[in-house]
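The values are calculated or read from the model by the stated rules, or taken from the named source; none is laboratory data. Values in this document were obtained by computation on a predicted structure and should not be read as measured data. Virtual Cβ from ideal backbone geometry, glycine too; neighbours counted across all protein chains shown.
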Amino acid sequence: MSRRASFICAAIGNCAVRTQRDALKILDVGDLVVMAGIVDSHVHVNEPGRTDWEGYWTATKSAAAGGITTIVDMPLNSIPPTTTLENFQMKLQMARGQCFVDTAFWGGVIPGNQSALLPMIKAGVPGFKCFLIHSGVDEFPHVAEVDLEAAMAELQGTGCVLLFHAEKELERVNPPIHSEAPDPRDYTTFLNSRTDDMELEAIRIVIKLCFQYRVHCHIVHLSSAEAVPIIQEARKAGAPLTVETTHHYLSLAAEEIPTGATHYKCCPPIRGRCNQEKLWSALKAGIIDMVVSDHSPCTADLKRLETGDFMTAWGGISSLQFGLPLFWTAARQRGFTLHDTVNLMCKNTAKLCGIEDRKGSLAPGKDADLVVWNPDKEFEVKESIIYHKNKLTPYLGRRLYGEVFITIVRGNIVYLQGQFPTLPSGEHILVNANSAT
């Protein structure tokens, strides 16, 4: 057993796991690292309704291949979205029998659905997501402050978390005057349309409401490092506030995005290298709590590849399968350790969604969720190894460190060097908020 492996899992030289026929199987993993399975708390599966984008079968296969043992599905871009108990029950039905890893589910806050929140909590959602700007899909409208006040009043005392897509449209007093229209194929045209101050304004609103209602608030996919000081100040003052960033903000930079390369588009946008290094510093300092994929796939036509138009292309990046190597490739150069990896991608994400009693570490009594991987093994991202339904990703052709060999969920092998079980064994995780009345 390697020293790294013993540090993570206290000298597990051989792994005893169950096969589908309930026979014990001993796996000799040699010097590979044995680590707690990853909990990715930000995944858009899109089922029901948009299964040409993704679906539970392909999403959870991809997760298993990437060492992820639990995903938490976002309330959009499925049709219908998870904004009522009925819609949540429909999603559970669609996911049944399709998941190779365990799956939990976020609910959604939209204008006027505050009376639907407590029933969804009782049914097992750990929290809710909302947008302060257009979500990209009409069936999940963004909220105003009055909607948030109504929702947060309902959530007080439940222990639930409210997740915010923190961008807000701003009224420009003196908008820039261009002699000619900016080129929509130029990435800076899109970048200039989603400025840092849009994130800052939204986060100021979140912080204000966080103090007012004392509801746990969580900023999803922080892109702008300019927001770090106000987040740090609010937390020092006692705000119940947590923050995540994503693999694309830590691995990709605006300066490297070619003209018309719309597969790099996401919202908020990928910003410059200087901003990226500040995000890494905030991560190292503990101001950013976790790293997730924000896996948001779509079909190739929605990326407008034929025109290269950033302004009309779908904003979302596919990366679910490659989160661990993406993080590790960049993090190892900046002094991050395997212990940091567990905290940022397993423990803290499990705690966010209320499943830390079962997931996120290898402590006694928790689920036997493991990833066996080689942090020193380099590989190339090729279409042939991608299990996402749509293979389009900005990481094609990249060489990454950290190959996953085995993924185990509750003692069951769900991925073994390119092989999957015939039948999925993933379970639904329904989080009980006992304080909901």
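Output the residue which, of all residues in region 231-241 that are touching a helix residue (DSSP H, G or I) at 6+ places or on another chain (Cβ under 9 Å) and touching a residue at least 40 places away in the same chain (Cβ under 8 Å), is surrounded by the most Cβ atoms within 10 Å (Cβ to Cβ). Write out each step before concluding.
Of region 231-241, the ones touching a helix residue (DSSP H, G or I) at 6+ places or on another chain (Cβ under 9 Å) are 231-234, 237-241.
From the residues that got through so far, the ones that are touching a residue at least 40 places away in the same chain (Cβ under 8 Å) too are 231-232.
Numbers: Ile231: 21, Gln232: 16.
Per the criteria, the residue is Ile231.
Yes/no per residue for (1) of a type in the set (Lys, Arg); (2) closer than 9 Å to Ala225 by Cβ:
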residue: His247; (1), (2): no, no
residue: Leu252; (1), (2): no, no
residue: Ile257; (1), (2): no, no
residue: Thr262; (1), (2): no, no
residue: Ile270; (1), (2): no, no
residue: Cys274; (1), (2): no, yes
residue: Lys278; (1), (2): yes, yes
residue: Leu283; (1), (2): no, no
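Among residues of region 272-308 being assigned to a strand (DSSP E or B), in contact (Cβ under 8 Å) with a residue 60 or more places away in the chain and among the aliphatic types (A, V, I, L, M), the one that is surrounded by the most Cβ atoms within 10 Å (Cβ to Cβ) is Val292. Residues in region 217-230 that are in contact with a strand residue (DSSP E or B) (Cβ under 6 Å, 6 or more places away or on another chain) and either hydrophobic (A, V, I, L, M, F, W, C) or surrounded by fewer than 20 Cβ atoms within 10 Å (Cβ to Cβ) (or both): Cys217, Ile219, Val220, Leu222.
Looking only at region 350-394, filter to residues that are of a type in the set (Ser, Thr, Tyr) and assigned to a loop (DSSP other than H, G, I, E, B); which one of those is nearest to Tyr415 (Cα to Cα)? Break it down stepwise before answering.
Going residue by residue through region 350-394, those that are of a type in the set (Ser, Thr, Tyr) are 361, 384, 387, 393.
Next, from what is left, pick out any that are assigned to a loop (DSSP other than H, G, I, E, B): 361, 387, 393.
Values: Ser361: 19, Tyr387: 12, Thr393: 22 Å.
Ranking the qualifying residues of region 350-394, first place goes to Tyr387.
Comparison of Ile317, Ile287, Ile257 shows that the only residue that is under 30 Å from Thr158 (Cβ atoms) and β-branched (Val, Ile, Thr) is Ile287.
This table checks each residue for (1) without any contact (Cβ under 8 Å) to a residue 12 or more places away in the chain; (2) farther than 19 Å from Leu344 by Cα.
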{"site": "Glu171", "(1), (2)": "yes, yes"}
{"site": "Pro182", "(1), (2)": "yes, yes"}
{"site": "Asn192", "(1), (2)": "yes, yes"}
{"site": "Leu200", "(1), (2)": "no, yes"}
{"site": "Cys210", "(1), (2)": "no, yes"}
{"site": "Val215", "(1), (2)": "no, yes"}
{"site": "Leu222", "(1), (2)": "no, no"}
{"site": "Ala225", "(1), (2)": "no, no"}
{"site": "Thr245", "(1), (2)": "no, no"}
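The combined condition, being out of contact with any Lys or Arg (no Cβ under 9 Å at 6 or more places or on another chain), buried (at least 17 other Cβ atoms within 10 Å of the Cβ) and either of a type in the set (Asp, Glu) or within 30 Å of Tyr401 (Cα to Cα) (or both), is fulfilled by Glu244. All conditions but one from (1) assigned to a helix (DSSP H, G or I); (2) without any contact (Cβ under 8 Å) to a residue 60 or more places away in the chain; (3) more than 22 Å from Ile68 (Cα to Cα) apply to His263; the one that does not is (2). Within region 28-46, the set of residues being in a loop (DSSP other than H, G, I, E, B) and under 23 Å from Leu352 (Cα atoms) comprises Gly37, His44, Val45, Asn46. Quick one: which of Ser223, Ser281 is hydroxyl-bearing (Ser, Thr, Tyr) and closer than 16 Å to His42 by Cβ? One residue alone meets the criteria, Ser223.
Being under 18 Å from Ser425 (Cβ atoms) and assigned to a helix (DSSP H, G or I), is that true of even one residue in region 65-75? The answer is yes; a qualifying residue exists.
Got at least one residue in region 279-288 being modelled with pLDDT of 95 or more and on the phi > 0 side of the Ramachandran plot?
yes
Screening Thr82 with (1) among the polar types (S, T, N, Q); (2) in contact with an Asp or Glu (Cβ under 7 Å, 6 or more places away or on another chain); (3) crowded, with 24+ Cβ neighbours inside 10 Å gives one miss only, at (2). Lys122 meets all of the listed conditions (1) basic (Lys, Arg); (2) touching a Phe, Trp or Tyr at 6+ places or on another chain (Cβ under 7 Å); (3) part of a helix (DSSP H, G or I) but one, namely (2).
Out of the residues in region 61-76 that are within 19 Å of Leu326 (Cα to Cα) and of a type outside the set (Ser, Thr, Tyr), state the one that is nearest to the chain's Cα centre (by Cα).
If we filter region 61-76 for residues that are within 19 Å of Leu326 (Cα to Cα), which is where we start, we get 61-71.
Right, trim to of a type outside the set (Ser, Thr, Tyr) and you get 61, 63-68, 71.
Details: Lys61: 16, Ala63: 11, Ala64: 15, Ala65: 16, Gly66: 13, Gly67: 14, Ile68: 11, Ile71: 8 Å.
This residue is Ile71.
For region 95-119, which positions are in a helix (DSSP H, G or I) and surrounded by fewer than 17 Cβ atoms within 10 Å (Cβ to Cβ)? Let's see the steps before the verdict.
Within region 95-119, the subset in a helix (DSSP H, G or I) is 95, 114-119.
Selection gives Ser115, Pro119.
Would you say Gly397 is in a loop (DSSP other than H, G, I, E, B), surrounded by fewer than 19 Cβ atoms within 10 Å (Cβ to Cβ), out of contact with any helix residue (DSSP H, G or I) (no Cβ under 9 Å at 6 or more places or on another chain) and modelled with pLDDT of 95 or more?
Working: in a loop (DSSP other than H, G, I, E, B): yes; surrounded by fewer than 19 Cβ atoms within 10 Å (Cβ to Cβ): yes; out of contact with any helix residue (DSSP H, G or I) (no Cβ under 9 Å at 6 or more places or on another chain): yes; modelled with pLDDT of 95 or more: yes.
Yes: the conditions hold for Gly397.
Candidates are the residues of region 128-175 that are of a type in the set (Asp, Glu) and outside any loop (DSSP other than H, G, I, E, B); the one that is surrounded by the most Cβ atoms within 10 Å (Cβ to Cβ) is Glu154. In this entry, Ser384 passes the filter for residues that are surrounded by fewer than 20 Cβ atoms within 10 Å (Cβ to Cβ), hydroxyl-bearing (Ser, Thr, Tyr) and free of Cβ contacts under 8 Å to residues at least 12 places away in the same chain.
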